[in-house]
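The values are calculated or read from the model by the stated rules, or taken from the named source; none is laboratory data. Computed from a prediction, not measured in an experiment: that's the story for all the values here. Reconstructed Cβ throughout: ideal geometry from the backbone, glycine too, with neighbour counts over all protein chains shown. Only protein heavy atoms, including side chains, enter the accessible area calculation; ligands, DNA and RNA are left aside. Shrake-Rupley method; radii C 1.70, N 1.55, O 1.52, S 1.80 Å.
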Amino acid sequence: MAETKTPVEITALEESFRRFAIHGDTRATGRDMNGKNWSKLCKDCGVIDGKSITLTDVDIVFSKVKNKTARTITYSQFKEALAELAGKRFKDKSSEDAAQEVYRMIEGKSPVISGVTKAVASPTVSRLTDTTKFTGSHKERFDETGRGKGKAGRVEMVDKSGYVSGYKHAGSYEKKTKAETNP
């Protein structure tokens, strides 16, 4: 019965390995995993508990199982690393049972991306960024809706059109001269 169960667990585990391996890297193939994604997998799947396994332990195991010159680990090295962490995490179980326990924690999981960056809406920040309460030169940097005017709000823009400021008929000279020459 254990033999029929093993291939299913390997494929589910391998699927999770691939999801984490390609996370955050557009060029990743899913065949090997870098250290950053290995740490993320251990955090997101709950392998790191803060007591028996810490982030440092995870990094040490990664360095131990990878090839000396490589920056990534393959799927077989990944399983080897999990087996080593399983021994530390589940000390009271046999090495095979501990490995199965860690595999179950990872199977079917994907990288968690929701809630990574949260916008904090504190009353202090809201008050400081409320453009309706600005005064003086700062008030000039925003329009009626509260949107910034960009450079026009920061720098006094000089009209270099050649006409006196406030002249209503700017740009009408060419029209006037054409009308005089074509009567």
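On the basis of the beta-carbon distance and an R0 of 35 Å, GLU101 and ALA121 show a calculated FRET efficiency of 0.30.
For the chain, the solvent-accessible area of protein heavy atoms averages 74 Å² per residue (probe radius 1.4 Å; ligands and nucleic acids excluded). Between THR26 and ALA179, the distance separating the two model label sites (each 7 Å from Cα on the Cα→Cβ line) works out to 5.6 nm.
Ligands, DNA and RNA left out, the accessible area of region 2-108 computed with a 1.4 Å probe is 50% carbon and sulfur.
Cα centroid distance between region 43-73 and region 143-158, in Å? Their Cα centres are 51 Å away from one another. Evaluating 6.51 cos²θ - 1.76 cosθ + 1.60 at θ = phi - 60° for every residue in region 34-48, the Karplus couplings come out as 8, x, 5, 6, 4, 5, 5, 4, 5, 5, 5, 8, x, 5, 7 Hz, glycine and proline recorded as x. GLU80 exposes around 100 Å² of accessible area when a 1.4 Å probe is run over every protein chain in place.
Gyration tensor analysis over the Cα atoms of region 37-168 returns equivalent ellipsoid semi-axes of 60, 19, 12 Å (largest first, whole Å). Relative to the longest principal axis of the Cα atoms of the chain, the long axis of helix 95-106 lies at roughly 20 degrees.
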